[in-house]
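For reference, the structure discussed in these notes is given below.
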Amino acid sequence: MHALTQSFFNYIEFEKRYSKHTLEAYKTDLEQFSGFLVKNESNDITRATHHDIRNWMVSMMEQKVSARSINRKISTLKSFYKFLMRKGEIKKSPLGKVQSPKTSKRLPVFVELPGIEKLMREVEFPEGYEGLRDKMILELFYGTGMRRNELINLKETDVDSYNSQIKVLGKGNKERLIPIHNTLLASVKNFMTEKKRLLESSAGNYLVTNEDGSKLMPATVYQIVKKYLNLVTTVDKKSPHVLRHTFATHLMNNGADINAVKELLGHTSLAATQVYTHNTIDKLKEIYRQAHPKA
């Protein structure tokens with residue numbers, strides 16, 4: 001690996017504190033681009049030109065790589081060359097003359113309110129700790145909009161009963177406080193009490209755990225959410241992120257301020273939150289058609 005590439009990885013891991021998943025994606029992208037340059041007997045990655053990048057993009061398009069994936073890889077290159085500029089290794093980024101392919105806007109998939117109400121009020125959960133845990137996972141996702149990793153790493157001490165809020169450690173190790181309503185707070189407190197009673201050997205201090213007190217695996221959480229969403233909705237995707245989308249969409253549909261939703265979700269930019277306004281506009285159009293006499 002090139003010394004400057006390794007220096008870049010050290011920078012995004014230790015200074016920017018990117019997640020392990022993001023680090024792996026960046027490494028894969030840069031390795032693929034380096035491999036393309038070697039195969040085509042072109043420049044070293046630190047000396048690549050906009051022609052090299054365009055040729056790589058054309059190559060990926062020919063291989064039917066999606067515009068979304070190509071854009072992500074171009075974003076990786078932008079970060080890398082920006083880093084080289086800051087280090088004084090290059091004078092300008094080769095990305096200046098490169099135009100990213102257009103992608104179609106995908107609206108967030110979410111569960112309609114009747115589906116959520118059925119999930120929380122009518123679905124039967126198994127007796128014992130497993131059922132209690134599964135319901136707690138679903139309530140936390142819908143009640144807070146937190147990410148899967150944020151829920152897995154949530155500790156009992158992160159629950160502030162006095163102020164009715166939960167402290168979450170988000171992307172880039174950034175902490176945020178999420179207010180929770182009284183019903184959810186009561187569920188969390190009841191869960192902690194029952195967990196202590198049911199799991200005598202409960203080790204560690206994570207809020208939601210396996211029966212032996214060990215930390216949940218991401219795949220386990222995904223399977224739990226998929227299992228129960230299958231009972232109440234026909235949406236194609238049934239993942240923890242769908243419940244995050246549902247949390248945000250329901251807030252926006254009920255008139256929540258977009259900046260407040262941005263803070264609750266832990267988004268760094270408003271652009272990431274604005275996708276939920278499209279779902280809100282669709283809802284408004286539906287209300288208009290139903291209510292307006294001339295519609």
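How high is the relative contact order of the chain? Use alpha-carbon pairs under 8 Å, at least six apart in sequence, and give a whole percent.
Relative contact order, the chain: 17 percent.
Per DSSP helix of 4 or more residues, -39500 (n - 2.57); summed, then divided by the residues of the chain. What does that give at 222 nm, rounded to the nearest 500?
Calculated at 222 nm, the ellipticity per residue is -17500 deg cm²/dmol.
What is the sum of charges around ILE116, taking Lys and Arg as +1, Asp and Glu as -1, for the other residues whose C-beta is under 14 Å from the C-beta of ILE116?
Here the charged neighbours net out to +1.
Taking the Cβ of TYR11 as the centre, find all other residues whose Cβ is under 10 Å away and add up their charges (Lys, Arg: +1; Asp, Glu: -1).
That works out to +1.
Gain in length, ARG72 to ALA256, computed as 0.36 nm per residue apart minus the alpha-carbon separation, to one decimal in nm?
Taking ARG72 through ALA256 to full extension adds about 63.2 nm, to one decimal.
Relative to the longest principal axis of the chain, what angle (0 to 90°, nearest 10) does the C-alpha long axis of helix 275-291 take?
Computed tilt is about 50 degrees.
How high is the relative contact order of the stretch 3-97? Use alpha-carbon pairs under 8 Å, at least six apart in sequence, and give a whole percent.
27 percent
Specify, per residue and in Å³, the volume enclosed by the convex hull of the alpha carbon atoms belonging to the chain.
184 Å³
What three numbers, in Å, describe the spread of the alpha carbons of the stretch 3-97 along their principal axes, ordered from the longest?
36, 29, 22
Against the longest alpha carbon principal axis of the chain, how many degrees, from 0 to 90 and to the nearest 10, is the axis of helix 129-144 turned?
Value to nearest ten degrees: 60.
Please give the net charge around THR220, taking every other residue with its beta carbon less than 13 angstrom from that of THR220, where Lys and Arg add +1 and Asp and Glu add -1.
With Lys, Arg at +1 and Asp, Glu at -1, the net is +1.
Structure shown: which of LYS155/LYS195; LYS135/LYS226; LYS167/LYS226; LYS195/LYS215; LYS73/LYS97; LYS167/LYS262 lie over 24 Å apart, alpha-carbon to alpha-carbon?
Among LYS155/LYS195; LYS135/LYS226; LYS167/LYS226; LYS195/LYS215; LYS73/LYS97; LYS167/LYS262, the Cα-Cα distance tops 24 Å for LYS167/LYS226.
Read the figures in this text as sums done on the coordinates, not as results from a lab. Here the structure is a predicted model, which is why all the values come from computation and not from measurement. Note that we place each Cβ from the backbone using ideal geometry, even for glycine, and neighbour counts take in every protein chain shown.
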